[in-house]
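Structure, as structure tokens:
Every number in this text was worked out from the coordinates using simple rules, so none of it is lab data. Quick caveat: nothing in here was measured; it's all calculated off a predicted structure. Counting neighbours? That spans all protein chains shown, and the Cβs are built from the backbone with ideal geometry, glycine included.
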Amino acid sequence: MATWQCIKQCGACCNLDPAERPDIEEYLSAAELEIYFSMVGEGGWCVNFDHTTRECRIYPNRPRFCRVETEIFQDMYGIEPEDLDDFAIDCCRQQIEGVYGDRSLEMLRFDKAVGL
């Protein structure tokens with residue numbers, strides 16, 4: 001059974017391009033949308049993503065919508081705790097493929113980390 005986990009120095013989820021998330025208003029509050037749009041920088045990348053280290057500059061203080069946690073995913077997407085791993089893995093694989101490609105080093109590292 002695959003178990004979701006974040007892989008360091010990937011950053012695919014830091015590509016916040018709103019054009020890639022047409023349904024974003026369905027799961028973020030007005031206040032969260034304001035924060036989200038304020039974080040979108042050049043090329044759709046989060047202004048808090050350090051492209052050199054490929055890490056988040058505000059990781060401990062990142063917004064709720066940047067966190068993969070059971071309660072958050074249940075509230076935002078209606079995902080039951082027992083479905084979180086599969087849902088988060090699918091989301092990450094889609095995002096990694098869209099940003100880096102389906103045969104990228106990031107995808108290979110992610111698949112290995114989660115047990116695929």
query = In percent, what relative contact order does the range 8-116 have, based on Cα pairs under 8 Å that are 6 or more apart in sequence?
reply = 26
inquiry  = Over all directions, the average projected area of the alpha-carbon convex hull for the chain comes to how many nm²?
reply    = 7.2
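Determine the sum of side-chain charges near GLU26: Lys and Arg each +1, Asp and Glu each -1, restricted to other residues whose C-beta is under 14 angstrom from that of GLU26.
The answer is -3.
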Highest-MSF residue in the chain out of CYS56, CYS13, CYS91 [GNM, Cα springs under 10 Å] = CYS91
task = Taking the Cα centre of the range 12-116 as origin, sum charge times position over the Cβ atoms of Lys and Arg (+1) and Asp and Glu (-1), and report the length of that vector in debye to the nearest 20.
result = 600
note = Listing LEU116, LEU84 by rising number of other beta-carbon atoms within 10 angstrom, fewest first, gives LEU116, LEU84
ask   = What full-extension length gain, to one decimal in nm, is calculated for ARG57 and TYR77 as 0.36 nm per residue of separation minus the Cα-Cα distance?
value = 4.6 nm
note = Which of ALA31, ALA12, ALA88 fluctuates most in a GNM of the chain (C-alpha springs under 10 Å)? That residue is ALA31
request  = Step through the residues of the range 14-29 one at a time and calculate ³J(HN,Hα) from phi using the Karplus curve (6.51 cos²θ - 1.76 cosθ + 1.60, θ = phi - 60°), rounding each to whole Hz and writing x for Gly and Pro.
outcome  = 7, 8, 9, 2, x, 5, 8, 10, x, 9, 4, 5, 6, 10, 10, 6
Net length gained if the chain between GLN94 and LYS8 were fully extended (0.36 nm per residue, minus Cα distance) = 29.2 nm
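How long is the gain from SER29 to ASP50 if the chain were fully straight, where each residue apart is worth 0.36 nm and the alpha carbon distance is subtracted?
This chain segment gains 4.9 nm when fully extended.
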